Structures are given as structure tokens and as C-alpha cells.
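J.: Got a structure for you, questions after.
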Amino acid sequence: MALLSKNKTTFSGISPSEFFYRNRDLAGFSNPAKALYTATRELVENSLDACESSEILPSIYVRMTPIVDHLDNSEPRTYQLKVSDNGPGIDPVKAPDAFGRVFYGSKYKLRQARGMFGMGGTMAVLYGQITTSKPVVIYTSTDGKKFHKFTLRIDIQKNAPVIINKEIIEGKGSTGTTVELLLTGDAFRASTKVHDYFLESALVTPYAEITFIDAQGKMFYYPRSTNTLPKPSEETQPHPHGFDFEGMRRLIEDTGDKSLHKLLMNNFHRVGATTSTNFFKFAKIDHTSSPKDLSYENIVQMVDAMHSYESFLPPDSHCLSPLGKDILNAGIMSELSPEFSTIAIRPPSAYSGFPFIVEVGLAYGGNVGSGGVKLFRYANRIPLLYDEGSDIAWQVVKDLAIDKKRAYKIPDNAPLALITHVCSTKVPFKTAGKEFLADRPEIERELKNAVREVLRKLRLHLSRKSSEDAVKRRRDIYSKYLPLIAEFSKDLSGKKDLPNFQPMLKAYLEESEGNN
Amino acid sequence: MPKSKKQTKHSKRQNDIEEQKVQIRSQLKQLGEKIYSDLNSQRFPTIHFPSRSVRNIVYDKKTKQYILGSNTVTRTASNIKQIRSVTQLTWLAFFANELMSNKKSSTLRDVYYSSQAYAVDYTDQPESDSIITDLESVISTARERLNIYPEERSAIFGDLDIEYTVPGYEGNRANLSSHPDGYLIGPSLSTADFVGTSAEMIIAIEKGGLFNRFIEEKVHSKYKAIIIDTAGQAPRTTRYMLKRLHKELNLPVYIMTDGDVYGEHIAMVIVSGSAGAAHLRDLTVPSAKWLGIWASDIAKYKLPTIPMTEMDFKRVSELKRDPRYQKGVWNKELDVFLEIKAKCELEAFSKYGLTAIVDKYLPEKLEQAKSM
């Protein structure tokens, strides 16, 4: 117990806000260009998550406005970042906390979402406050009638919002949230990434309408091309295989469960009485003992056993929300308008107790553009823009679509794009920057299967197309040249009528059709 | 103007030419009839002609020139890769026949563009030129006989009376010494009748500059010569012209080139033809003499030189393998080039004054040529 309380002090000695303030590099705010990009995507992702969880077709408006300084317009400079959505709005009681406190939203529950616990949005607010000393302005309405406007800043040490001003203004009939934030950014250097981000987002969120006005005032509009939303993800309890020591320590601290048996059954995914009993036998821990009596060593022992016990039921995937064929296809069609597209969705699988689903889309020709394989990577619908080469998806695509392209009849410089989407309650990012997937063998296997499947379909398409092309070429050539030969030979030999070549042309064309 | 002109029997020549034309047109017509009957009997039209591939070009010791061997190629419309060229060939035969019947002539470039009026597509002019060569092979007749000419660049000057035979000029006469820049050797000139000449020799010279110098220095009257500017490698029309001048007027042909391996080969092509025209006859003057500049003249006349390049050495070793270069002056001079590793231009004689080449070199070399 002594150890436990010592630990507790360690963890509460620094507020989460302060922790992030000190480690802002980790969260993607390392320089003004990256910060502007990260702030934009965090706020956009919060908006998308909010809309999707309430099954609202998202309409999102983003504007980046440079704050005019007549003396100095060089980068980096102050920008106003405004992100508006038509989401469900935030309960005015909770709104200040949602943006002004770094907190652990749903502590022990897992769900598939772009951001974890909405921390990214708060980080953006924090970063803005640090770099400009200006408060953030939030407008939110849950009924569309009244908009609550908050002007607030974060007390970093206390990890609490400080409300500077609070107003109620008339709404326009739609629910939603708007965040207006001042921050130091470098729009010139961020520009490519920001534009890539919107384009790649549009590819997997064809159900969203996104308007983006960049720092130069140029508008980019990504229209909604389908009205189908992905099924909202559900919250789920953690699977024992994926639970760690710190989680267990907090759970034990907060729980009201009187026995370990109850604790396991009430808080974990697919653990019933039988499983729990068998597990504690395996772990050689008395399942009737009170969770609060566990020593540090006991917790370590239990968590280790949870990881090594093989008879837990595998996680089920109803908590996951893959995009599905229709949505992925709508995105591919509207952004790439390919000549051919196909989608492979793998059955759910799990790694370390976290369920995941791999979806792979393939687009060939059309607006894809030649010059080799292009890969669009996504994790929980977030485009991953950095460190492509380190990503397991890239390794798989390189192995199959590039190194073995002959096997799939893929021509050189093929206009080929692959879209990989991994959705999971916990995406195994290799670093905190959420930019690339670690090479988990389970995920690699599913990616390989999915990529193979779409490449096989592409091969079928290409070989069908090439034989159709050959027949068409033969038809075109013979239909063009044989009549010309007939005409010239008639003129040259001084005959009056064309030779009777039509039957042989007809026979030839029919034969070539038959050979196909 | 000397008056003792040789008279040729041009009426007989015209008859020969007319006969030849009738024969060529009937060959073209036969080709058309064969293709027509192929189609009528539900066969894919097929055309055979001698192969012009390197392997089928052989040296004929009798005629001392390259000729085609016995291999033939077949173009058939049943092959998807060949139906286009069969179409092009059929069209070209038709087009040539039209040219001949309308007494019109056309350049290689004209042919390329004319094809577009008939929906026959060529990728580029070289493709069109190569089909023209195919047709030459099919009917064993030079394109000039089909009234298809390359762009002209070579010229002729000297006391030669000609009578045009081209439509609109029939019976018109001209003397080829009346224009000091010389006359372009084109379709009208190469088909004209030779009426008379006082000349006793033909001098073909590689370069326009020297051609003009020869005219200025009155080589035509001093040596009783007809001077021809071959403008580099002599075009076929020019070679055909040389052949006619030699045969019909019975005049010896002398050739003057730069003192380099390319110059030597320009002379050789006039003497014994080129591999590229191995499918054609009547383009050579086997008795023509190469006056120089020989490699050995370079030392003899102490001419300013230019070092030979790698390309020059490569060309020498290529020619050393050519059967025509195995003996005589041809072989000897190649060896001298290899030895002195230098070359020179005709203009090098200007070192001794502008007229040195005409006053000193030419008479000495002509004398030397008599004994060859």
C-alpha cells in the first residue's frame, strides 16, 4: 500500500495540462507549421467525431485567417483558426471543461474514435494560449435556438478552464459548435500538408461536406457525395489482453467492486463468471479478495496473468465502425474517379486484446494519375500523412504491388492508388505523433490478405481489359485498312467495282471476337 | 561557245523511255490486279519482294557493286502488324501510277503529305520514305522513274545542250553553261534529252564552294569539262545523271573530294553504288576515277591537315572490311590515312593561292588518272 500511495503522488503532482505543456512536441505542436496543421486537424476530427457519434451528416467549415500586422507579414505569424460544425453541440455546463481541461473522458471504456478523449482539441487551445496569450472563443448549441458563447483560457497548473466571458446569443436553427482560436502558425510551410489532409479526409468521409478557406482566402470545397453514414462506433470494455498496469491501478483505485471476481466481470470485455473463475485459478490469485487489498506486486502479477491467459474469449468487433464498401467506394469515386475500383474488407481480428478491421480500397486509372503506386493510409478515418516509409501498410503495399507487380500484371508506372484503413479501439501507432502504424504481425497479415484480394481483382480487370483492347484494336485496324486496300487496288488495277472483300472482313472480325 | 557538238539520237532515247514508262505502269497495274484478285477470292493480299536486310545485301564481283541476294520478304494483310504497310504500299503504287499518268512529279516530302488526303496514315516521313523504297524493291525500279524525287541540292554546269521532256517544256532547249551558278539537277534536268556537248569529261566535285571556284576559273572551257556539284554524298538523281552523261555522251567521269575517308567513300558510291540502293541498277559509273584528294597527296603537296577523329578511324576500319576496298588505290589510301592520322579539305590548296587547285593539282591528277 505504501508503494501505491507513493505512486499516486507521482501521478497527481503534475496536472495533465502542465504535462502536455511541457511535452507539446509529442502531440504534434513542435513548430509553427506543424502546430497549425495539427490544430486544424484536431479540431476537424473532433467535429467529425461529434457528428458521426450523433449520426448527423457532417458539414464542416474551416477558415484560416492571418491576423493583419502592417509592420510584419513574415511567417510565422498569428492566425485565427475557425472550425464550425453542425454536430450535436456540447452541453453548456460541460463545454468549458471540454475545451479548458485536459481530462480523461471515458476512463475505462474504449471506442473507435479519431481522437482519444478529445485531448487534441484542448491541446490546440493550450498551444494557442501559450503562443498568443489570447483566450479561445467557443460557441455551442444543442438545440439550435440558443448559442452559448464562452470566452475562456486554461489555468495550466490547476488544469481547469477560466471563463472570462459568457453570453447567450440567438441561434440560427442548427445545432453545432464553433471554435475560434488564435495561434502562432506558419501557413506557408503548413500549406501542402493541410491541403493533403483535407483531400485525403474527403476520400474517406464522402458523407461529409467540408469547406476550407486557406490563409490566402482561397476556398476549397469538398462536397458530400453520399448520404450514408458509417454505423456509429459503440463503447466497449477493455479486453484483458490489452489492459496495462496503470489502467489496473486506476481501476482498483476507483472501483466499488468488493471482489476481484466482480471487478473482472464488471469491467472487462466478454468476461463472465466462468471465465473469471478459470482465470483466477490460472493466475493463482484468490478471486474473492478485495481489489483494494492488492499490493503493487499483486497488481503486476494479475496484469501479467491477464496477458498470458489464453482462454479469454476473443474481442468482438461490434464496437468497431469500418467505413464499409459503399462509403469507401463513394469516396474513391468522387475524389479519384477511377476507371476501375474495388474494395476488400477483412473479417474482424484482434491484436493484444484490441479488435481491429482492415479495409483496403484500390483505384486504377481515371484521375489517379500514372507514375506508380500511390498509397493513402488511414487509421480510424484519420489520414496519416507523415513517415509513409516506416508504416507497415507501406511495407505490405511495396512487397505486393511494387515488388511483385508482374504477378498481378500491373504495368510500369501504373495509375494505381491503394487506400488502407485500419480501424481499432486502439490503433498501434509507433509514435505519439499518430503518423504511422507499428508492424503488428496480426495487422500485417490482414493488410496482406486485403491487398492481395484487391490486386487479384485488378489483375482480372487488367487481363479482361487487355484482351478486350486487343479485339477492339484488331477490329479497328481491319475495319479501317482492308477497305482502303480494296479501294486502292480497284483504282490501281482500273476496275470499276470494289473487290468483294466484305465477307472476309466479317469472317475475320467474328473469328477474332470468338477467340477472346 | 565551241561548235563541234556531239549529237545524240534523242528520238530513240525518248522511245526507250516511253517504253520503259509503259512497262513500269503495267508492273504497278499488275500489283493492283494481284491485290484486287486476292481480295475477290477472300484471300488476304500478300506482296513479295527482295529483302533489303543487311544479310541479304551481297557484293557482286561481276558488276562490282552491292546487289540483293535471293531472300525475299512477304507483307501480308493477314498479319495485324503488316496490314498497315500493305495498305501504304498499295496506296503508293496507286499514287505513283497517278503521278506517271498525269506526268506530274513529287518530292519524298510531298508523298508523305499526299498520303493524308487518302486517309493513309504515316507516323512520320521516314516511314513514308521506307515504303517508297519497298515499292522500288517490288518493281525493281528507282523512285525517280516513278516521278518521285528527293529534295534537290546538287548542281551541274558546262557546255551541254538539253531538251526538256517534262510537260509544258517539251522541246524547249537550254545550254547548261548559261547560268553561272549552275543548274539544279532535278526531275526536269535528269529526264531531259542531251542534245549536244563540246565537253570531253565530267568532273564531279564534293563541295559547292569548289564547284563555284571551278566555274570562276573556267575549268569547263580550259578542260572541256561538265562540272557537277554532288553536295556531299551524291543523291541518286545525280548518280543517275552521271551514269547517263557517261553512257550517252561517252564521257569519262572524274571525282574530286575532300582528303578524308568520307570523301573517298563519296567517290566509291559513284563508282559502285551504295548498300542502301542495292535493289537498284543504273546508278553506277564503274569506270569513274577518283582524282583525290588522296591521303598520299597530303604529304606530296604539303597540305594543311586536320587530325583524324575517332569517328574517322572507325569509318576506316569499316571500309577495310568492304570487298570494294580490298585493292588498288582504294585500299592503299585507307592505309595511308591510318598511317598519317590526318585528313584535309579541298580548300587546303588555297594555301598556294586560290587558283592552285585548278592550275596545278587538277592537271597533274588528270594526267595520273590516265594511267589508272
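J.: Enumerate the whole-percent occupancy of each 10 Å bin, from 0 to the last occupied one, for all C-alpha pair distances of chain A.
T.: Pair shares across the bins are 4, 16, 22, 22, 16, 9, 5, 3, 2, 1, 0, 0.
J.: Which aspartates and glutamates does B:Lys34 reach when only Cα atoms under 16 Å apart count, and residues fewer than 8 places away in its own chain are ignored?
T.: A:Glu487, A:Asp491, A:Asp497
J.: Next question, about the same structure. Computed over the Cα atoms of segment B:10-49, what is the ratio Rg over Rh, Rh following Kirkwood? Don't skip to the end; give the middle numbers.
T.: Numbers: Rg = 14.9 Å, Rh = 11.7 Å.
Computed over Cα atoms, the ratio is 1.27.
J.: Using only the Cα atoms of segment A:367-485, construct the convex hull and provide its projected area averaged over every direction, in square nanometres to one decimal. Could you put the intermediate results ahead of the total?
T.: Details: hull surface 36.3 nm².
Averaging across all directions leaves 9.1 nm² for the Cα convex hull.
J.: May I ask for the distance between the Cα centers of segment B:224-257 and segment A:114-190, given as a whole number of Å?
T.: Cα centroid of segment B:224-257 versus Cα centroid of segment A:114-190: 95 Å apart.
J.: Please report, in Å, the Rg and the Dmax of the protein assembly as shown, where both are computed over Cα atoms only.
T.: 45.4, 141
J.: Ignoring ligands, DNA and RNA, please state the percent of accessible area on the protein assembly as shown from carbon and sulfur, probe 1.4 Å.
T.: On the way: 20370 of 39740 Å².
Taking all protein chains in place, the protein assembly as shown shows 51 percent carbon and sulfur surface.
J.: Check each of the trypsin sites (Lys or Arg not before Pro) in segment B:211-305 and keep only those in coil by DSSP with at most 14 other C-beta atoms within 10 angstrom; list them in order.
T.: For trypsin sites (Lys or Arg not before Pro) across segment B:211-305 that sit outside H, G, I, E and B with at most 14 neighbouring Cβ atoms in 10 Å, the list reads B:Lys218, B:Lys302.
J.: Ranked by accessible surface with a 1.4 Å probe, highest first, in what order do B:Thr46, A:Thr288 come?
T.: A:Thr288, B:Thr46
J.: Please report the spacing between the Cα centers of segment A:230-280 and segment A:325-368 in Å, no decimals.
T.: 33 Å
J.: Further question: Quick one: compute the contact order of segment A:207-299, relative version, from alpha carbon pairs under 8 angstrom and 6+ residues apart, as a percent.
T.: Working: 79 pairs, mean separation 21.5, N = 93.
It comes to 23 percent, rounded to a whole number.
J.: How many lysine pairs are close in segment A:332-451, with Cα atoms under 21 Å apart and the two 8 or more places apart or on different chains?
T.: For segment A:332-451, qualifying lysine pairs total 15.
J.: Next question, about the same structure. Using the eigenvalues of the Cα gyration tensor, what equivalent ellipsoid semi-axes result for chain B when each is taken as the square root of five times the eigenvalue, whole Å, largest first? Show your work: numbers first, answer last.
T.: Details: eigenvalues 301, 141, 56 Å².
Equivalent ellipsoid of chain B: 39, 27, 17 Å, largest first.
J.: Continuing with this model, one more query. How would you classify segment B:201-325 from its alpha-carbon gyration tensor, with a ≥ b ≥ c the square roots of the eigenvalues: rounded for a/c under 1.5, else prolate if a/b is greater than b/c, otherwise oblate?
T.: Numbers: a/c = 2.05, a/b = 1.12, b/c = 1.83.
Oblate shape, in that a/c is at least 1.5 and b/c is the bigger or equal ratio.
J.: List the residues whose amide H sits under 5 Å from the amide H of A:Ile213, counting only those 5 or more places along or on another chain, with H placed 1.01 Å from N in the peptide plane.
T.: A:Val62, A:Arg63, A:Met64, A:Phe220
J.: Sticking with this structure for a sec: Which shape class applies to segment B:137-214: rounded if a/c is under 1.5, otherwise prolate when a/b exceeds b/c and oblate if not, where a ≥ b ≥ c are the square roots of the Cα gyration tensor eigenvalues? Spell out each step's value before the answer.
T.: Working: a/c = 1.98, a/b = 1.30, b/c = 1.53.
Taking the square roots of the gyration eigenvalues as a ≥ b ≥ c, segment B:137-214 is oblate.
J.: Evaluate the charge dipole of chain A about its Cα centre and quote only its size in Debye, nearest 20, assuming +1 on the Cβ of each Lys and Arg and -1 on the Cβ of each Asp and Glu.
T.: Numbers: 67 positive and 61 negative charges, 98 e Å.
With Lys and Arg at +1 and Asp and Glu at -1, about 480 debye.
J.: Expressed as a whole percent, how much of the Cα-Cα distance distribution for segment B:150-270 exceeds 22 Å? Could the numbers behind the result be given before it?
T.: Working: 1967 of 7260 pairs.
Cα-Cα pairs of segment B:150-270 separated by over 22 Å account for 27 percent.
J.: So, in Å, what gap is there between the alpha-carbon centers of segment A:423-470 and segment B:46-87?
T.: Value for the Cα centre distance between the two parts: 54 Å.
J.: Write out the chymotrypsin sites (Phe, Trp or Tyr not before Pro) in segment B:180-254 meeting two conditions: DSSP loop, and at most 13 other Cβ atoms within 10 Å of their Cβ.
T.: Answer by residue number: there is no such site.
J.: Let me make sure I get this right: for segment B:272-311, a, b and c are the square roots of the gyration tensor eigenvalues over alpha carbons, sorted descending. Under 1.5 in a/c it's rounded, otherwise prolate if a/b > b/c, else oblate. Which is it? Intermediate values should be presented prior to the final figure.
T.: Working: a/c = 6.10, a/b = 1.92, b/c = 3.18.
Cα axes put segment B:272-311 in the oblate bin.
J.: Only helical DSSP H runs with n ≥ 4 go in: add -39500 (n - 2.57) per run for chain B, normalise by residue count and round the 222 nm mean residue ellipticity to 500 deg cm²/dmol. Could you put the intermediate results ahead of the total?
T.: On the way: 13 runs with 154 residues, N = 372.
Computed ellipticity for chain B at 222 nm equals -13000 deg cm²/dmol.
J.: Something else about it: Taking a threshold of 31 Å on the Cα-Cα distance, which of the pairs B:Lys222/B:Lys327; B:Lys207/B:Lys302; B:Lys21/B:Lys81; A:Lys34/A:Lys158; A:Lys480/B:Lys29 fall above it? Working shown, then result.
T.: Details: B:Lys222/B:Lys327 33 Å; B:Lys207/B:Lys302 21 Å; B:Lys21/B:Lys81 33 Å; A:Lys34/A:Lys158 27 Å; A:Lys480/B:Lys29 23 Å.
Check vs 31 Å cut-off fails for B:Lys222/B:Lys327; B:Lys21/B:Lys81.
J.: log10 I(q)/I(0), Debye, Cα-only segment A:163-261, no solvent, q = 0.10, 0.21, 0.22 Å⁻¹?
T.: Evaluating at q = 0.10, 0.21, 0.22 Å⁻¹ gives log10 I(q)/I(0) of -0.64, -1.13, -1.19.
J.: Over the Cα atoms of segment A:215-357, each weighted equally, I'd like the Debye log10 I(q)/I(0) at q = 0.11, 0.13, 0.19 Å⁻¹, rounded to two decimals.
T.: -0.58, -0.68, -1.07
J.: Taking 25 °C and 0.890 mPa s as the conditions, I'd like the Stokes-Einstein D for segment A:420-516 in µm²/s, using the Kirkwood hydrodynamic radius from alpha carbon pairs.
T.: Numbers: Rh = 18.7 Å.
Taking Rh from Cα pairs, D becomes 131 µm²/s.
The values are calculated or read from the model by the stated rules, or taken from the named source; none is laboratory data. Everything quoted here is computed from the prediction, not taken from an experiment. As a convention, Cβ positions derive from the backbone with ideal geometry for all residues, glycine included, and neighbour counts pool all protein chains shown. Just so you know, the surface numbers come from the protein's heavy atoms only, side chains and all, with ligands and any DNA or RNA stripped out. Shrake-Rupley method; radii C 1.70, N 1.55, O 1.52, S 1.80 Å.
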